[in-house]
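*Asks:* If you scroll down you'll find the structure; I have some questions about it.
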Amino acid sequence: VPEDQADKLLLASWGLPKAVLDKYRSLGVVQMFEWQAECLMLGQVLEGKNLIYSAPTSAGKTLVAELLILKRVLETRKKALLILPFVSVAKEKKCYLQ
């Protein structure tokens, strides 16, 4: 992330509602890694174009997907489908995203 865009590491810079930011803050998440912000700033990803990315387990891939989904749902007022690989992860995200 270029120095002049360092604020993009903060979740508060992405136009999310206060309730969403408060929930992330309660979980200890107030900023993202540089690679996560870079994913969000690539091409037209925020306008709904596709993004394929790879990172090790527990690196933060889900946060990128969540932010993209949240922004898209809030801005377009359309529904989204989040597919997760395990029932345990799906149950966790169901509670988390409610």
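*Asks:* Between the range 1-26 and the range 44-95, what is the separation of their alpha carbon centroids in Å?
*Replies:* Going from one Cα centre to the other spans 16 Å.
*Asks:* May I ask you to give the percent of accessible area on the chain that is carbon plus sulfur, with a probe radius of 1.4 Å?
*Replies:* 57
*Asks:* So, by mean Cβ neighbours within 10 angstrom, what's the order for 64-72, 25-33 with the highest one leading?
*Replies:* 64-72, 25-33
*Asks:* Let me ask something else about it. Given the -39500 (n - 2.57) contribution per DSSP H run of 4+ residues, what per-residue ellipticity at 222 nm results for the chain, rounded to the nearest 500 deg cm²/dmol?
*Replies:* Mean residue ellipticity, 222 nm, calculated: -13500 deg cm²/dmol.
*Asks:* Taking the structure as given and computing semi-axes √(5λ) of the Cα gyration tensor in Å, which label from (1) 20, 16, 15; (2) 19, 17, 12; (3) 24, 13, 11 fits?
*Replies:* (1)
*Asks:* Same structure again: Quick check for you: with a 1.4 Å probe and neighbouring chains kept, what is the accessible area per residue of the chain, in Å²?
*Replies:* Value for the chain: 72 Å² per residue.
*Asks:* With +1 on each Lys and Arg Cβ and -1 on each Asp and Glu Cβ, how big is the dipole of the chain about its Cα centre, in debye rounded to the nearest 20?
*Replies:* 660
*Asks:* Leaving ligands, DNA and RNA out of it, rank W35, W14 by accessible area with a 1.4 Å probe, largest first.
*Replies:* Per-residue accessible area, sorted high to low, gives W35, W14.
*Asks:* Give me the distance in nm between label points sitting 7 Å out from Cα along the Cα-to-Cβ direction at E92 and A12, one decimal.
*Replies:* Spacing of the two 7 Å Cα→Cβ label points: 2.7 nm.
The values are calculated or read from the model by the stated rules, or taken from the named source; none is laboratory data. Everything numeric in this text was worked out from a predicted model, so none of it was measured. Using ideal geometry, Cβ is built from the backbone for each residue, glycine included, and neighbour counts are taken over all protein chains shown. Accessible surface is based on the protein model in full, side chains and every heavy atom, while ligands, DNA and RNA are left aside. Shrake-Rupley method; radii C 1.70, N 1.55, O 1.52, S 1.80 Å.
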